[in-house]
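Note sheet for the following structure.
Readers should treat all values here as calculations from the given coordinates under stated rules, not as data from a laboratory. Everything numeric here is computed off the predicted structure, so don't read it as measured data. Cβ atoms come from the backbone with ideal geometry, glycine included; neighbour counts cover every protein chain shown.
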Amino acid sequence: MVESSRIADRQIARAAGLVFLAFVIGNLTGLVRQILVANAFGTSTEIEAFNAANRVSETLFLLVAGGALSSAFIPTFTSLLAKDKRNDAWRLASAITNLMLIILVLVSGIMAIFAPALVRYVLAPGFAEFPIKEALTIHLLRLMLPSAVIFGLSGLVMGILNSHQVFLVPALAPSMYQIGMIIGVVGLAPKFGILGLGYGVLIGASLHLLLQLPSLVRLKGEYSPILGLKLQPVREVALLMAPRLLGVAVVQLNFWVNIRLASKMPEGSVTALVLGFALMLMPQAAIAQSIAVAAMPTFSSQYALRKMADLRTSLTSSLRVAMILAIPATAGLILLREPIIRLLYERGEFNEYSTMLVSWALLWYTTGLIGHCLVEILSRSFYAMHDTRTPVLVGVLAMSMNIGLSFLLSGFFEKLGWMPHGGLALANSIATTVEGILLLILVKWRLQGLEKRRLLNGVGWAAASTVLMSVSLVLWLFYANALPDWLVLGVSLFLGGAVFAISAYSFGLSEVSFAIHWVLRRFRSLAQRAT
């Protein structure tokens, strides 16, 4: 049993490494896209309209085919594969594909028809004071709605590939989306303005799907033109998806509330929230999503075969690694947020005021980075156990808290004379942290314990190493105030990384020791080849 858990941990580690690499590439291309978009549009009316309109297609995708479908489909599909029921698995995939496409096309059409009312009365009522801004939002909303249908199909393909332990290509797919948007802002925006970026969304969604199709074909699955409403696995997916659908709806409602509130705040508040959240999600994606995506098929297989001890060990290992990385990432992003934003964005239409807006949002979003990492991994563990109800109920509670705090804290920040959109970011961080803590308590009860000592040991030594890292960065930033941002960041990353790694190594964190030895072996190997 111990050996099987070690094999599972190594499998997760290898897959997480591949996904991490792909996410780094995706983050870099996403960063390039953000820089180009910020330079072209800053925090202007045009990008405010785009960000508001894009929320509709994103919500539609996530409700029907994103987190909800993957959380229900992957465990059921993986369970069939683990039990050697390959034909049943592919009939399930065919049925879900057909049902999903029908639903997405119908709902997209309805939203396109009622787009004016959707924008004016639900999404961004504050834009009604600016008719051009409102009209542009409606136009962009209709233009980008087809991307939800394309992403829905692509998301399902991603789930099928992950269930077959194919991780690299699906993890690279988001990079293709970013490339599509880069084409939009560089090649199309000079002629079509912000509509060029909208066309880029459609191009990126198509590339996202096309990249994965060759890998799907190589699996040699058999497509069936069925709806499968009477098939037991299809019904199981529907039952698992129903509560998760509610959870996704509540999360998206929170984002809609934020846009609604921010549309009435000073110009640029909507874009500041979007950019701040995106910057926070970069380390979250590289750390937690890479681990969660790689671990979920293993979790699902362990649960299907009733290897609960192995599942406890694998989950503990995943959480420990995520916390060791998330704790220093939180401190580093808070301390370095302003030079990061200035270096990346402050040129063209993106000015000092834009930097101040985004930096303020990023500060409060980053306080919830650890909570976001916990939720990402813990929710996947529940989905792997065919339990979507528990994380959804916790998520509904947390996001309901989020909505209430959004009204409360934005008003509180305004009374203090602070920029009110910071209160919206802080509300998200508080609610997500509460959600992560509750999920941790519940999964510990569900699995009859976790390897508590090993988990707390990793968190404690990572926190101690982060304190030393933060002290070194504060001292460096105090003396480097007048230096160029590129030099400040370069030295900060090297200094902070070195202090954390040396401290963690001295404290005996095995994951850091393994990483250091792996890097040293690679350098020795390269040196030997060179000589």
If every Lys and Arg gets +1 and every Asp and Glu gets -1 at its Cβ, then about the Cα centre the chain yields a dipole, in debye to the nearest 20, of 1560 debye
For segment 244-367, the Cα-Cα pair-distance distribution in 10 Å bins from 0, as whole percents, is 12, 30, 30, 18, 8, 2
Under the Karplus relation with 6.51, -1.76 and 1.60 and θ = phi - 60°, whole-Hz ³J(HN,Hα) for segment 253-261, x at Gly and Pro, equal 4, 4, 5, 5, 4, 4, 5, 4, 5
Taking a straight Cα-to-Cα line shorter than 19 Å from Lys220, and setting aside same-chain aspartates and glutamates fewer than 8 residues away, one finds Asp84, Asp88
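Do any chymotrypsin sites (Phe, Trp or Tyr not before Pro) in segment 130-237 lie in a loop, going by DSSP, with at most 12 other beta-carbon atoms within 10 Å of their beta carbon, and if so which? Working shown, then result.
Numbers: sites: Phe151, Phe167, Tyr177, Phe192, Tyr199, Tyr223; in loops: Phe167, Tyr223.
Counting only loop positions with at most 12 other Cβ atoms within 10 Å, the chymotrypsin sites (Phe, Trp or Tyr not before Pro) in segment 130-237 are Tyr223.
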Phi-derived 3J(HN,Hα) across segment 308-321 with the Karplus relation (6.51, -1.76, 1.60, θ = phi - 60°), rounded Hz, x for Gly and Pro, is 5, 5, 5, 5, 4, 5, 5, 5, 4, 4, 5, 5, 5, 5
Counting only backbone N atoms under 20 Å from a point 7 Å out along Cα-to-Cβ of Leu253, the residues of segment 96-125 in range are 111, 118-125
Set Lys264/Lys415; Lys85/Lys307; Lys133/Lys264; Lys83/Lys230, cut-off 18 Å on Cα-Cα distance; pairs above it are Lys85/Lys307; Lys83/Lys230
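Excluding Leu455 itself, what net charge comes from residues whose Cβ is under 13 Å from its Cβ, given Lys and Arg +1 and Asp and Glu -1? Numbers along the way, then the final one.
On the way: positive: Arg312, Arg320, Lys444, Lys452, Arg453, Arg454; negative: Glu451, Glu511.
After counting each charged neighbour, the total is +4.
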Of all stretches in the chain that avoid trypsin sites (Lys or Arg not before Pro) placed in a DSSP loop and having at most 11 other Cβ atoms within 10 Å, the longest is 307-531
Here the convex hull volume per residue of the chain, taken over Cα atoms and given in Å³, is 163 Å³
Note to self: C-alpha centroids of segment 214-289 and segment 308-352 sit apart, in Å, by 21 Å
